[in-house]
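**Student:** Dumping the structure here so I can ask a few things about it.
The values are calculated or read from the model by the stated rules, or taken from the named source; none is laboratory data. As the structure is a computational prediction, the values presented were derived from the model and not from experiment. Because the Cβ atoms are built from the backbone with ideal geometry, glycine has one as well, and the counts that use them run over all protein chains shown.
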Amino acid sequence: MSAPPTPSARSDSPPPWQAFAARVALIAIEAGILAGLFGGTLRALRNDLEDVTGFNRWRIVGLAVAAILLLHARRHLPDYRSSGFSPRRLAANGLAFVALLAGLGGVSAGAIEPALGLHGQLLLAMTLASAWLASVVALWVPRGADALPLLGGLAGITAMLWGMVHLEDFTQLFWDMSGGTTVDLVERLLAPFAGGPVVRPEPFVIGTEAFRVKIKSECGGFQGIGLITTMLAGYLWWFRGIHRFPQSFLLFPVGILLIWMANVLRITALILVGIWIDPKIAVDGFHSHAGWITFLVVGLGTIWVAQQMRFFTRLAPADAGLPGGEARSPDHAIASPPAPAAGSPLEPGALHGPSAVACLLPFLVLTAVTILTQAFTSGFNYLYPLRVIAVAAVLWSLRRHYAPGREPISIVGVAIGVLTFLVWMALAPGYGLEDPEKVAAMDPAQLGQPWALLWLLFRVAGYTITVPIAEELVFRGFLARRLIDDDVERVPVGTFTWLSFLASSLAFGLMHGGDWQRATLAGVAFALALYQRRRLSDAIVAHATTNACLAGYVIATGSWTEWG
């Protein structure tokens, strides 16, 4: 006689489907009320935000946040469906919704703008909307502990949006508060290395008789503070499963202090480059790229140190949990890879693809060397060969991680590459209208022979070999699989989902800055080359073909600006 089944939930709890449906209905009702009462006000605020920023960047931010939330919800859908009601979360949602109604009501009636101004009411609206969205998402979060980092993440997004809207005013306010201290510290650091007396003819002008700079409010470090805050907010949310809260929120003031101190070092180094190396390099090269160097060093360094400290993390780095918050069990660590899908290649390396480290490291080295070489050049990029050598060395050291397979080069991949080149040139915004001065500044002929030919060989090699390999490894080899599963190495290369296909292509496009529309289409094309045989080498061939065609066009026509 078998024992009666043990109930999995309390008998007085509503069935999971009822709780799920009730939350959907609650959100629908609240959204309907907002649309009905304040639809016009919300559209006006959106238009004001676009007018102030000059670019609808808020849409990109909104799409990115929505994609992250949907990705997380898809992975944990059974947990969300089975989670019950929480009176505290319902109360928080009700209070946040009432506050949002009151704030939008004041904006709509014109009662808030005289006191706060346009920027103030936009900030108030974004803050209240973030609080309400956090309460909505918290209704679905399976574990109550996840709601706290969610609030921190949305607070970071709100801070970034505020910085976009109110950038000039807040930058000046921050500089008024910190500018004197910044210049005093720069003077103290500069004096032992300047090789002469440090002069300050004006409050924010500092240097020596040979080279001096005027420090403006834009160089005060506020933008770096906004970037580091957003980076840490995203990190704490993504890796909330291994962090302790609320003590992990201390990373925000630590990161802000470090990025401000790093900015002091950046200004000092800028002056020293102008004194000891070349004033033109200091102004045109180092000034433009040193900020990104300090941001990456401080941001990644803070994250790495936090992961080593048990004060911030629950688990040692070797046992750290998955980004979704689940601890990695021993069984998970040694589990066998999934069975090959129908029609997939049989070689283990080709099926599962390179490891996460093998996909990321070449691109990280390419990015780091690019930033460093650009920081110490002005005008012509004569240090480009260092990028090729560095990335080639990394690819060679990791060669055992790559399995190209034995099949011949895909003709379809080559055809996709040629077609992508034709589309790229057809959509070129300045086709045939290159600035003669910019073209001359990027012409390798200024190096003289044989150095011009040697530089050109490295440029073509990098453009057609190392760059396509590094970029395809990170976008199609890593990111496309990472968007499918936390454990990249368990996802076969070429596995298709709409999210991974579109998001990795858009990320590839955004990396190319002003050419993001053309680059996004190119990313779509390279992804299609990958999916035809589920081989990463096919995407690399398509990418290399496009770049080879573009290199041939540049050399044949002398349109050096097309190389960027």
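**Student:** Could you tell me which of the residues Trp237, Trp304 is under 18 Å from the mean Cα position of the chain (by Cα), within 24 Å of Thr367 (Cα to Cα) and not β-branched (Val, Ile, Thr)? Give the derivation first.
**Tutor:** Working: Trp237 fails: within 24 Å of Thr367 (Cα to Cα).
After ruling out the rest, the residue left standing is Trp304.
**Student:** State yes or no: is Gly353 within 24 Å of the chain's Cα centre (by Cα) and at positive phi?
**Tutor:** Details: within 24 Å of the chain's Cα centre (by Cα): yes; at positive phi: yes.
Spelling it out, Gly353 is indeed within 24 Å of the chain's Cα centre (by Cα) and at positive phi.
**Student:** Same structure, new question: Based on what the data block shows, is Leu499 under 24 Å from the mean Cα position of the chain (by Cα), part of a helix (DSSP H, G or I) and aliphatic (A, V, I, L, M)? Give the derivation first.
**Tutor:** On the way: under 24 Å from the mean Cα position of the chain (by Cα): yes; part of a helix (DSSP H, G or I): yes; aliphatic (A, V, I, L, M): yes.
Yes: the conditions hold for Leu499.
**Student:** Under 7 Å between Cβ atoms, at least 6 apart or on separate chains: pull out the pairs that start in the stretch 197-208 with a residue that is in the same structural domain as Gly274 (by TED's automatic domain parsing) and among the aromatic types (Phe, Trp, Tyr) and end on any residue that is surrounded by fewer than 17 Cβ atoms within 10 Å (Cβ to Cβ) and in a strand (DSSP E or B).
**Tutor:** Sorted first by the residue in the stretch 197-208, then by its partner, the pairs are Phe204/Lys214.
**Student:** Criterion first (modelled with pLDDT under 65 and either on the phi < 0 side of the Ramachandran plot or among the aromatic types (Phe, Trp, Tyr) (or both)) does Leu69 satisfy it?
**Tutor:** yes
**Student:** Something else now. Report, by residue number, each residue of the stretch 236-268 that is in contact with a strand residue (DSSP E or B) (Cβ under 9 Å, 6 or more places away or on another chain), assigned to a helix (DSSP H, G or I) and modelled with pLDDT under 90.
**Tutor:** Within the stretch 236-268, Leu236, Ile242, Ser248 qualify.
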